[in-house]
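Accompanying notes for the structure given below.
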Amino acid sequence: MCGIVGYTGKESVTDQLLDALELLEYRGYDSAGLATLNGETGKVKLRKCAGRVKDLRKICRNDKKISTCGIGHTRWATHGGVSDENAHPHRSGDVLLVHNGIIENYEELKDHFMLHKDLKSQTDTEVVAAVLNRFYQGNPHEAICRTIKYLKGTFALVVMFSDQPDILYAIRNVSPIVAAYNGDGTMLASDVVALGAAAEKYMVVPEYMILELHKDEIKLFDLDGKQCEPEFMDIDWDTTRGGKGSYPFYMEKEIMEQPDALKATMESRIVEGKIDLTADAIPDEFLRDCNRICVIACGTAMHAGLVAKVLVQSKFNMHMNVEYASEFMYGNPVLDEKTLVLAISQSGETIDTLEALKYARRQGAKSVAIINVKGSSIARESDYVMYTAAGPEIAVASTKAYTTQLVALFLLVGRMAKVRGVFDEAAEKEYLENLVEAPAKMLEVLEQKNEIHKIAREMLDAKDAFMIGRGLDYSILLEGALKLKEVSYIHTEAYASGELKHGTIALITENTPVVATVTQTNLKDKELSNIREVQSRGASVVLFVKESFDLADAEYADVFALPAMADEFMVFPASVALQLLAYYVSMDKGLDVDKPRNLAKVVTVE
Ligand code: AGP
């Protein structure tokens, strides 16, 4: 929900922090700030403002950039509105603090420590800074240990003490912090992508351990003060690839990267024409012995789960439910050791999904996580992990993460079909022949992006829109609707087209924009008939149809032929077309496609 960075080393810290914060703005971008500490003079400089990192850069431009130790933060407001005062870092006496998470008992702490008159902001973070300062008598570890005993909630705290030059301290509970050696210094951040191109290996700060960042050393201590060896992992993608390249927005770059991302996600899992999950170490008995599957996820990740449900229920006589993670544990789900829980998450840090997964595991369910970020909290919580190879996804609107999640799910379901005897060799071969075609079919759509751009231009003035389809088309359109609404702010509703006539069709009037996908052979005729129902009430219909389908002679505002695949694989070309539609509407409306209002890339509050 917020982005945190810290650096100490030989380089001027201000630029290091500003550049890293820009790479973390996808995590939250309503205000930003940094604090630097000059090791020689002990002078602290604190700069913060409502607005973007570029606004922060402006207010730092005349600073003499001589300090080499500092912390930075980009915020997605939770406690307290968007204001300079509420921006981080927060200072209390010798303590300078940035924080990502939610301190649930911050009001009680205000009373307990009688802080009210000391506080200048409405944030929970400033309360933590004041408590740290209350306990700080020159021993950072002691202050940190005493403070966290009072904290309820999630936190990634990075602290700088004004009398401890060149050293940063960090501790976390749930909210992420990673650290690395970065050329001439050491760096920490909320996400690997901000650790700098010079970083080759990184460590995930274990929960409730104190990290010390020194100019030339990263130290880790348990709460008893015992030093422990940090565990480093390779950074398996080129973090400099986080740049936009020649694209105007990350979203377009990431849409275009999908064919390669799918290939990268498949390549290690298809060996000699067979699905091979050895690298994921998921035992076959996991897939053979479960008697129900439950997906827990949020947003786009949940929509990937809906596609998996269509696959599972078409292949196995098995119950499968797909739950919003934030609702999951309040519905008293029936779970036991025969339940396989699939936790799907791009970031691996979505707290709704993490808490739901912990709940499911407490009930005895087995778990497989489908994750894009290595070493993330959900990955570490799950029995097994299938990592997608989408690479860093910076745009808030998820695109390549979604389609690589689909590939992982297709492979998992395919393996399950094999071990359960549903697939013989021939069936597995045919299934894989279709799956490995997905990148090329998506590329065919990408090569016609200008066609979709033309269609998008017709929707720019829409206030509301509908997306209608049945079965797998409906699942595809739920994701298409989320894309369009989150980047273009057009209120878009995906609707099962057969259900429309039971009330909602009352909203269809002259020129109401309706997007329809028709890709499923067994549903085609009914879908076309539902489309005619809205057309007869004046709707302006944009139709994305499998190219091999012959269309009834009806008037469509636009028709886009989707490259044909076997029905269940049509999610790949159809999703890319809907992503492009959303992207171009947002871009042509002049919006900030990558950072839509009110959103953040990683939602670490419940
Ligand atoms: C989708 O475009 C959004 N970015 C959002 O719905 C996202 O999919 C959701 O917050 C889940 O995030 P995760 O995959 O990182 O868990």
*Can you name the residue in region 355-386 that is among the aliphatic types (A, V, I, L, M), part of a helix (DSSP H, G or I) and more than 9 Å from the ligand (Cβ to nearest atom) and, of all such residues, is nearest to GLU323 (Cα to Cα)?*
ALA356
_Residues of region 497-519 classified as surrounded by fewer than 18 Cβ atoms within 10 Å (Cβ to Cβ), hydrophobic (A, V, I, L, M, F, W, C) and not in a helix (DSSP H, G or I), total_ = 0
*asked:* Given the criterion on the phi < 0 side of the Ramachandran plot and in a loop (DSSP other than H, G, I, E, B), identify the matching residue among ALA465, ALA456, ALA389, ALA408.
replied: ALA389
*Identify, from the list VAL602, VAL585, the residue that is in contact (Cβ under 8 Å) with a residue 40 or more places away in the chain, more than 13 Å from ALA397 (Cα to Cα) and buried (at least 24 other Cβ atoms within 10 Å of the Cβ).*
VAL585
_Condition first: surrounded by fewer than 15 Cβ atoms within 10 Å (Cβ to Cβ) and in contact with a strand residue (DSSP E or B) (Cβ under 9 Å, 6 or more places away or on another chain). Now tell me which residues in region 426-450 satisfy that._
LYS429
*Would you mention how many residues in region 557-582 are of a type outside the set (Gly, Ala, Ser) and without any contact (Cβ under 8 Å) to a residue 24 or more places away in the chain?*
1
*asked:* The conditions are (1) free of Cβ contacts under 8 Å to residues at least 60 places away in the same chain; (2) touching a strand residue (DSSP E or B) at 6+ places or on another chain (Cβ under 7 Å), and ASN317 fails exactly one of them. Which is it?
replied: (2)
*In region 210-221, how many are part of a loop (DSSP other than H, G, I, E, B) and buried (at least 16 other Cβ atoms within 10 Å of the Cβ)?*
1
*Considering (1) open to solvent by less than 30 Å² (accessible area, probe 1.4 Å); (2) within 16 Å of the ligand (Cβ to nearest atom), say which one PHE423 fails and leave the rest.*
(2)
*Does region 163-209 hold any residues that are touching a helix residue (DSSP H, G or I) at 6+ places or on another chain (Cβ under 7 Å) and acidic (Asp, Glu), and which are they?*
ASP191
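The rows are residues; the columns are (1) under 21 Å from the mean Cα position of the chain (by Cα); (2) of a type in the set (A, V, I, L, M, F, W, C); (3) surrounded by 18 or more Cβ atoms within 10 Å (Cβ to Cβ); (4) in a loop (DSSP other than H, G, I, E, B).
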site: PRO176; (1), (2), (3), (4): yes, no, yes, yes
site: ALA179; (1), (2), (3), (4): yes, yes, yes, no
site: GLY196; (1), (2), (3), (4): yes, no, yes, yes
site: TYR208; (1), (2), (3), (4): no, no, no, yes
site: ASP224; (1), (2), (3), (4): no, no, no, yes
site: SER246; (1), (2), (3), (4): no, no, no, yes
*Taking interchain pairs and intrachain pairs at least six residues apart, which have beta carbon atoms under 7 angstrom, with the first residue in region 85-102 and in contact (Cβ under 8 Å) with a residue 40 or more places away in the chain and among the acidic types (Asp, Glu) and the second open to solvent by 10 Å² or more (accessible area, probe 1.4 Å) and in a loop (DSSP other than H, G, I, E, B)?*
ASP94/TYR136; ASP94/SER162; ASP94/ASP163
*Go through region 307-339 and count every residue that is within 16 Å of the ligand (Cβ to nearest atom) and either open to solvent by 30 Å² or more (accessible area, probe 1.4 Å) or touching a Phe, Trp or Tyr at 6+ places or on another chain (Cβ under 6 Å) (or both).*
4
*Output for region 520-541, where each listed residue is within 23 Å of LEU460 (Cβ to Cβ), open to solvent by less than 10 Å² (accessible area, probe 1.4 Å) and touching a residue at least 60 places away in the same chain (Cβ under 8 Å)*: ILE531, VAL534
*Please indicate, with yes or no, whether at least one residue in region 342-349 is within 16 Å of the ligand (Cβ to nearest atom), of a type in the set (Asp, Glu) and part of a helix (DSSP H, G or I).*
no
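Yes or no, residue by residue, for (1) touching a strand residue (DSSP E or B) at 6+ places or on another chain (Cβ under 6 Å); (2) among the aromatic types (Phe, Trp, Tyr); (3) open to solvent by less than 10 Å² (accessible area, probe 1.4 Å):
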| residue | (1), (2), (3) |
| --- | --- |
| VAL341 | yes, no, yes |
| GLU349 | no, no, no |
| LYS366 | yes, no, no |
| ASN372 | no, no, yes |
| GLU381 | no, no, no |
| ALA389 | no, no, no |
| SER398 | no, no, no |
| LEU409 | no, no, yes |
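The values are calculated or read from the model by the stated rules, or taken from the named source; none is laboratory data. All values reported here derive from a predicted model rather than from experimental measurement. Glycine gets a Cβ as well: all are built from the backbone with ideal geometry, and neighbour counts include every protein chain shown. Surface accessibility is based on the protein's heavy atoms, side chains included, excluding ligands, DNA and RNA. Shrake-Rupley method; radii C 1.70, N 1.55, O 1.52, S 1.80 Å.
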